[in-house]
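Heads up: the structure comes next, in structure tokens.
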Amino acid sequence: MDKMWAGRFAKQLDKLADDFNSSLRFDCRMYKQDIEGSIAHALMLSSKGIITKEDSNKIIEGLSSILEDIEAGVLTFDNDAEDIHMFVESELTKRIGDAGKRLHTARSRNDQVALDIRMYLRAENNEILSMLLSLIEALRDKAKENTDAIMPGYTHLQRAQPVTFAHHILAYAMMFIRDYGRIKDAVKRMNSSPIGCCALAGTTYDTDRYFEAEKLQFDSIMLNSIDGVSDRDFCLELLSAYSVLMMHLSRFCEEVVLWSSWEFKFIELDDSYSTGSSIMPQKKNPDMAELIRGKCGRVYGDLVALLTTLKGLPLAYNKDMQEDKEAIFDAVDTVKLCLSVFTPMIATATVLRDNMLTASKKGFINATDLADYLVKKGMPFRSAYKLVGETVAYCIANNTVLDDLPFEKYAELSTLFEEDVYNEISLETCVNKRISAGSTGPASVNAQIDYVSEFLNND
Ligand code: ARG
């Protein structure tokens with residue numbers, strides 16, 4: 001088949017070069033947006049008298065039948081076309097003849113592709129946003145059920161202070177709320193229409209870019225036509241937001257992997273989200289969590305790949321930019337895939353509260369509270385800190401814990417100790433007496449749950 005641009009050339013394109021140049025195998029996924037954009041373009045052209053109403057109607061009918069046939073699986077993407085834009089246009093001309101050849105008046109593939117990606121990403125990101133809401137909701141519900149489940153909070157992966165499982169899980173809910181905001185911001189900034197920028201310089205036809213933008217639900221138009229065709233910032237913004245989101249998922253997954261181990265056993269993953277081993281009959285592996293942790297790397301890769309592709313590109317369109325699609329598509333697919341598995345995996349996991357509590361009883365995680373006890377009785381914090389350090393060392397040497405140390409020993413260490421010390425350093429007291437905003441105490445955790453619920457109600 002002759003290329004659309006064959007007029008300028010004496011020879012056919014080399015077969016390998018042709019395949020190399022073609023993006024149809026990956027940009028065919030934007031067929032719907034390409035057709036919707038073309039319908040809006042035909043409407044604009046006829047409304048401005050640039051083509052006749054009759055031609056516009058034929059074009060719209062032709063495009064609608066192409067859409068139907070693609071969706072019914074009757075029309076498949078033949079690889080002769082250079083990209084989805086050429087594919088749709090040549091199919092249209094095949095179907096309706098000369099009217100089809102008028103569609104590309106006052107536009108270029110450069111503004112067309114910029115339009116299609118934005119529309120495609122807008123739809124995909126609406127899905128990603130609603131998947132994020134489901135995840136945040138699942139975490140809120142898990143938190144609600146576990147406001148009194150005490151677990152060790154860690155720093156340096158060493159037991160540090162007691163927290164509740166609700167508090168810990170809500171930390172992730174806060175991260176995902178920020179991810180939601182980042183993606184929403186990027187989508188909002190992306191929602192300016194590039195169509196009508198044409199190749200780069202605009203056009204001599206009296207077009208109406210605002211008409212097209214409105215028809216395609218854009219908030220505004222790209223104000224500079226050179227920027228309109230060469231901007232891919234929105235892909236980078238989304239890739240950055242996805243990278244942070246994947247980083248959050250990978251941290252959570254790392255904890256799921258640890259928590260599922262026999263060493264922790266803080267949670268039990270549902271069988272439907274666990275795998276066995278081909279050789280070790282006893283194994284129950286957290287493959288889903290490991291895979292999500294692993295897939296974080298490919299999303300970072302997509303971000304760095306596109307940043308590198310765009311680096312140093314002169315204005316305006318360059319074919320290098322065709323590389324944007326595989327990177328952003330891969331990241332979109334990966335994020336959706338990971339969220340679709342992660343949310344039910346977490347929602348169906350069983351929280352093993354007893355094991356968390358047992359782990360909390362070791363490791364002196366109430367040592368800060370013992371120091372605070374002395375401070376409240378008048379001792380300067382640094383002195384109390386030192387004394388408790390010595391007490392911990394004594395307990396370790398004598399194979400005991402602060403809660404079991406006989407009162408005579410406490411009395412020997414400081415006259416400030418009274419019998420109430422045991423109650424004051426119990427895990428429940430440590431948690432319940434945390435009253436600062438954002439802390440692990442029940443009032444604060446309930447306020448955090450309310451905040452998440454309010455976010456869910458408003459978005
Ligand atoms: N397939 C191309 C891309 O994805 C479409 C734009 C082509 N424009 C051009 N002038 N060759 O970037």
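The values are calculated or read from the model by the stated rules, or taken from the named source; none is laboratory data. Since the model is a prediction, treat every value here as computed from it, not as a measurement. Ideal geometry is used to build each Cβ from the backbone, glycine not excepted, and the neighbour counts take in all protein chains shown.
Does Ser250 meet the test of being surrounded by 18 or more Cβ atoms within 10 Å (Cβ to Cβ) and under 23 Å from Ala143 (Cα atoms)?
On the way: surrounded by 18 or more Cβ atoms within 10 Å (Cβ to Cβ): yes; under 23 Å from Ala143 (Cα atoms): yes.
It is true that Ser250 is surrounded by 18 or more Cβ atoms within 10 Å (Cβ to Cβ) and under 23 Å from Ala143 (Cα atoms).
Just checking, how many residues over the stretch 87-102 are away from the ligand (no atom under 16 Å from the Cβ) and in contact (Cβ under 8 Å) with a residue 60 or more places away in the chain?
Residues that pass the stated criteria total 0.
Of the numbered conditions (1) in a helix (DSSP H, G or I); (2) free of Cβ contacts under 8 Å to residues at least 24 places away in the same chain, Gly202 fails exactly one; give the number of that condition.
(1)
Do we find that Phe9 is more than 29 Å from Asp208 (Cβ to Cβ) and more than 31 Å from the chain's Cα centre (by Cα) in this structure? Step through it out loud before you land on a result.
Working: more than 29 Å from Asp208 (Cβ to Cβ): yes; more than 31 Å from the chain's Cα centre (by Cα): yes.
In short, yes.
Restricting to the stretch 389-401, name every residue that is touching a Phe, Trp or Tyr at 6+ places or on another chain (Cβ under 9 Å) and assigned to a helix (DSSP H, G or I).
Thr391, Val392, Cys395, Ile396
Among the residues that make up the stretch 295-307, is at least one of them surrounded by 15 or more Cβ atoms within 10 Å (Cβ to Cβ), within 16 Å of the ligand (Cβ to nearest atom) and hydrophobic (A, V, I, L, M, F, W, C)?
Checked the stretch 295-307: at least one residue is surrounded by 15 or more Cβ atoms within 10 Å (Cβ to Cβ), within 16 Å of the ligand (Cβ to nearest atom) and hydrophobic (A, V, I, L, M, F, W, C).
So which residues in the stretch 329-356 are away from the ligand (no atom under 16 Å from the Cβ) and of a type in the set (Asp, Glu), if there are any at all?
Once the filter is applied, which keeps residues that are away from the ligand (no atom under 16 Å from the Cβ) and of a type in the set (Asp, Glu), the stretch 329-356 yields Asp333, Asp354.
Just one of Asp324, Asp302, Asp333 is closer than 21 Å to Glu127 by Cβ and touching a Lys or Arg at 6+ places or on another chain (Cβ under 8 Å); which is it?
Working: Asp302 fails: touching a Lys or Arg at 6+ places or on another chain (Cβ under 8 Å); Asp333 fails: touching a Lys or Arg at 6+ places or on another chain (Cβ under 8 Å).
Every option except Asp324 fails the conditions.
Within the stretch 205-227, track down each residue that is small (Gly, Ala, Ser) and touching a residue at least 24 places away in the same chain (Cβ under 8 Å).
Going residue by residue through the stretch 205-227, those that are small (Gly, Ala, Ser) are 213, 220, 225.
Passing the criteria: Ser220, Ser225.
Among the residues of the stretch 262-302, which ones are among the hydroxyl-bearing types (Ser, Thr, Tyr) and not in a helix (DSSP H, G or I)?
Ser274, Thr275, Ser277, Ser278
Go through (1) outside any helix (DSSP H, G or I); (2) free of Cβ contacts under 8 Å to residues at least 60 places away in the same chain one by one and return the number of the condition Trp259 breaks.
Among (1) outside any helix (DSSP H, G or I); (2) free of Cβ contacts under 8 Å to residues at least 60 places away in the same chain, Trp259 violates only (1).
Residues being within 11 Å of the ligand (Cβ to nearest atom) and surrounded by fewer than 17 Cβ atoms within 10 Å (Cβ to Cβ): count how many of those fall in the stretch 8-24.
Going through the stretch 8-24 one residue at a time, the tally reaches 1.
Scan the stretch 59-76 and give yes if some residue there is at pLDDT 95 or above, surrounded by 22 or more Cβ atoms within 10 Å (Cβ to Cβ), among the polar types (S, T, N, Q) and part of a helix (DSSP H, G or I), otherwise no.
Within the stretch 59-76, none of the residues are at pLDDT 95 or above, surrounded by 22 or more Cβ atoms within 10 Å (Cβ to Cβ), among the polar types (S, T, N, Q) and part of a helix (DSSP H, G or I).
Specify which of the listed residues (Thr52, Thr76) is of a type outside the set (Gly, Ala, Ser), more than 25 Å from Phe211 (Cα to Cα) and away from the ligand (no atom under 16 Å from the Cβ).
Sole residue among the options that is of a type outside the set (Gly, Ala, Ser), more than 25 Å from Phe211 (Cα to Cα) and away from the ligand (no atom under 16 Å from the Cβ): Thr76.
Test of understanding: among Ala359, Ala371, Ala331, which residue is under 16 Å from Ser260 (Cα atoms), in a helix (DSSP H, G or I) and not charged (D, E, K, R)?
None of the others qualify; the one that does is Ala359.
How many residues does the stretch 308-328 contain that are within 16 Å of the ligand (Cβ to nearest atom) and either aromatic (Phe, Trp, Tyr) or in a helix (DSSP H, G or I) (or both)? Reasoning before the result, please.
Of the stretch 308-328, the ones within 16 Å of the ligand (Cβ to nearest atom) are 309-310, 313-328.
Remaining after also requiring either aromatic (Phe, Trp, Tyr) or in a helix (DSSP H, G or I) (or both): 309-310, 317, 319-328.
Here the count works out to 13.
Confirm whether Asn285 is touching a Gly at 6+ places or on another chain (Cβ under 8 Å) and surrounded by fewer than 19 Cβ atoms within 10 Å (Cβ to Cβ). Spell out how you get there, then give the answer.
Details: touching a Gly at 6+ places or on another chain (Cβ under 8 Å): yes; surrounded by fewer than 19 Cβ atoms within 10 Å (Cβ to Cβ): yes.
For Asn285, the condition - touching a Gly at 6+ places or on another chain (Cβ under 8 Å) and surrounded by fewer than 19 Cβ atoms within 10 Å (Cβ to Cβ) - is met.
Against the definition (over 30 Å from Val401 (Cα atoms) and either more than 16 Å from the ligand (Cβ to nearest atom) or among the basic types (Lys, Arg) (or both)), how does Leu121 come out, yes or no? Steps first, answer last, please.
Values: over 30 Å from Val401 (Cα atoms): yes; either more than 16 Å from the ligand (Cβ to nearest atom) or among the basic types (Lys, Arg) (or both): no.
Criteria not met by Leu121.
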